[in-house]
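See below for the structure under consideration.
The values are calculated or read from the model by the stated rules, or taken from the named source; none is laboratory data. Note that the structure is predicted; figures quoted are calculated from it, not measured. Note that each Cβ is placed from the backbone with ideal geometry, even for glycine, and that neighbours are counted across all protein chains shown.
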Amino acid sequence: MDRRSFVEKTLLGAGLVMGAPSLISASPAKRKSGRLTILHTNDTHSNIDPFPENHAKYPGLGGVARRYDLIQKIRSEEEHVLLLDSGDMFQGTPYFNRFGGELEMKVMSAMKYDMGTIGNHDFDGTMEGFVKAARYADFPFVCSNYEFTNTPMEESTRPYQIIERAGMKIGIFGLGVELAGLVPKKLYRETVYLDPVEMTQEVVGILRKKGVDMIICLSHLGYSYQSDKISDLRLAELTEGIDLILGGHTHTFLEKATPVQNKAGKITLVNQAGWAGIRLGRLDFDLEKKMFHASEGILVR
């Protein structure tokens, strides 16, 4: 599907995409794969169109229509697919300036995202702006370390969500970067930043008591830093119980997911898919061997 057709159908579709029918014809019967396929994005930054063909670094890459077609192709091939986003959906192109984030929410709903978290740039249109745009999100947002009490976003997120997929209970929670010094106070207002390590162990404990089989963290902390600032790698080292961290914020392109030995001596995988929708991250979880197979993100072109 070309970009113009996709965007027009997204903007004008029944119910503004909420509950709209599939935008392409039904896929062939799905084969049983014996695995859970996890697709993920981060820092898409309002990049609706592909980069131009003459772009010096990313010629012709990205674009929501191409990502949609790629996701649909994978769904036609795999029985169990989960689609997640790690924040910074907003800011970066005139589409955000014109539509205030509504278009981003609509196209993500059309792609049938299962869940997302909040990035620092998702405050750029004000908290009221996020709430207005989120009316068009047909999926929930999770964030456990932003306390939104007494703010317009008080009802916009939940600390965690449990999804059943491939016969498993999957607990998903979110973490955001510290906003002070990064985002103007007037944009995040009374939001309280809570320690990511402490909140991780609290939420992981709750999820384990609820009998989940897998725990995924949607993080907008950043992959790594030269300082001791909390990052995805440090979070994995300092905590236990997370199976997979899908990160954002640092726009890091990884050749494959990074295995990190956690506090309990077990492995937590950390992955990130760059930025701008140039790549679609993919990990496959073998349901019989109970192990991940991680590959380099798929170029969207």
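From the list Val192, Val212, Val204, which one is of a type outside the set (Lys, Arg) and either free of Cβ contacts under 8 Å to residues at least 12 places away in the same chain or under 20 Å from Leu83 (Cα atoms) (or both)? One residue alone meets the criteria, Val212. As a summary of the residue check, Leu182 satisfies the conditions (1) touching a Leu at 6+ places or on another chain (Cβ under 9 Å); (2) in contact (Cβ under 8 Å) with a residue 24 or more places away in the chain; (3) not polar (S, T, N, Q) except for the one numbered (1).
The rows are residues; the columns are (1) surrounded by fewer than 19 Cβ atoms within 10 Å (Cβ to Cβ); (2) part of a loop (DSSP other than H, G, I, E, B).
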| residue | (1), (2) |
| --- | --- |
| Leu70 | yes, no |
| Ser76 | yes, no |
| Leu84 | no, no |
| Phe90 | no, yes |
| Phe96 | no, no |
| Leu103 | no, no |
| Lys112 | yes, yes |
| His121 | no, no |
| Lys132 | yes, no |
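Among the conditions (1) farther than 17 Å from Gly119 by Cβ; (2) out of contact with any helix residue (DSSP H, G or I) (no Cβ under 8 Å at 6 or more places or on another chain), Leu194 misses just one, which is (1).
Select, from Gly281, Gly241, Gly277, the only residue that is closer than 20 Å to Val81 by Cα and in contact with a helix residue (DSSP H, G or I) (Cβ under 6 Å, 6 or more places away or on another chain).
Exactly one residue qualifies, and that residue is Gly277.
Would you please name the residue that is nearest to Gly119 (Cα to Cα), looking only at residues in the stretch 251-301 that are modelled with pLDDT of 95 or more and β-branched (Val, Ile, Thr)? My answer is Thr252. Within the stretch 142-159, being touching a Ser or Thr at 6+ places or on another chain (Cβ under 6 Å) and either crowded, with 22+ Cβ neighbours inside 10 Å or assigned to a helix (DSSP H, G or I) (or both) holds for Val142, Cys143, Tyr146. Which of the residues spanning the stretch 231-255 are touching a residue at least 40 places away in the same chain (Cβ under 8 Å), touching a Leu at 6+ places or on another chain (Cβ under 9 Å) and of a type outside the set (Asp, Glu)? Of everything in the stretch 231-255, those that are touching a residue at least 40 places away in the same chain (Cβ under 8 Å), touching a Leu at 6+ places or on another chain (Cβ under 9 Å) and of a type outside the set (Asp, Glu) turn out to be Leu235, Gly241, Ile242, Leu244, Leu246, Gly247, Gly248, His249. Applying a threshold of 7 Å to beta carbon distances and a minimum spacing of six or more residues, or different chains, the list of pairs starting in the stretch 46-60 at a residue that is farther than 14 Å from Trp275 by Cβ and modelled with pLDDT of 95 or more and ending at one that is assigned to a loop (DSSP other than H, G, I, E, B) and basic (Lys, Arg) reads Gly60/Arg301. Considering only residues that are out of contact with any Gly (no Cβ under 9 Å at 6 or more places or on another chain) and either at pLDDT below 95 or surrounded by 14 or more Cβ atoms within 10 Å (Cβ to Cβ) (or both), which ones fall in the stretch 192-218? Within the stretch 192-218, Leu194, Val197, Met199, Glu202 meet the criteria.
Leu221 meets each of the listed conditions (1) at pLDDT below 95; (2) surrounded by 21 or more Cβ atoms within 10 Å (Cβ to Cβ) apart from (1). Give me the residue from the stretch 38-64 that is out of contact with any Phe, Trp or Tyr (no Cβ under 6 Å at 6 or more places or on another chain) and acidic (Asp, Glu) and, out of that set, surrounded by the fewest Cβ atoms within 10 Å (Cβ to Cβ). Taking the candidates together, the pick is Glu53.
Of the residues making up the stretch 129-171, those that are closer than 20 Å to Val204 by Cα and of a type in the set (Asp, Glu) are Glu147, Glu164.
The residues of the stretch 286-295 that are surrounded by 15 or more Cβ atoms within 10 Å (Cβ to Cβ) and assigned to a loop (DSSP other than H, G, I, E, B) amount to a single one, Leu287. In the condition set (1) assigned to a strand (DSSP E or B); (2) surrounded by 15 or more Cβ atoms within 10 Å (Cβ to Cβ); (3) not aromatic (Phe, Trp, Tyr), Glu164 is compliant with all but (2).
Picking from residues in the stretch 138-196 that are aromatic (Phe, Trp, Tyr) and closer than 24 Å to Ala236 by Cβ, the one that is farthest from the chain's Cα centre (by Cα) is Tyr193.
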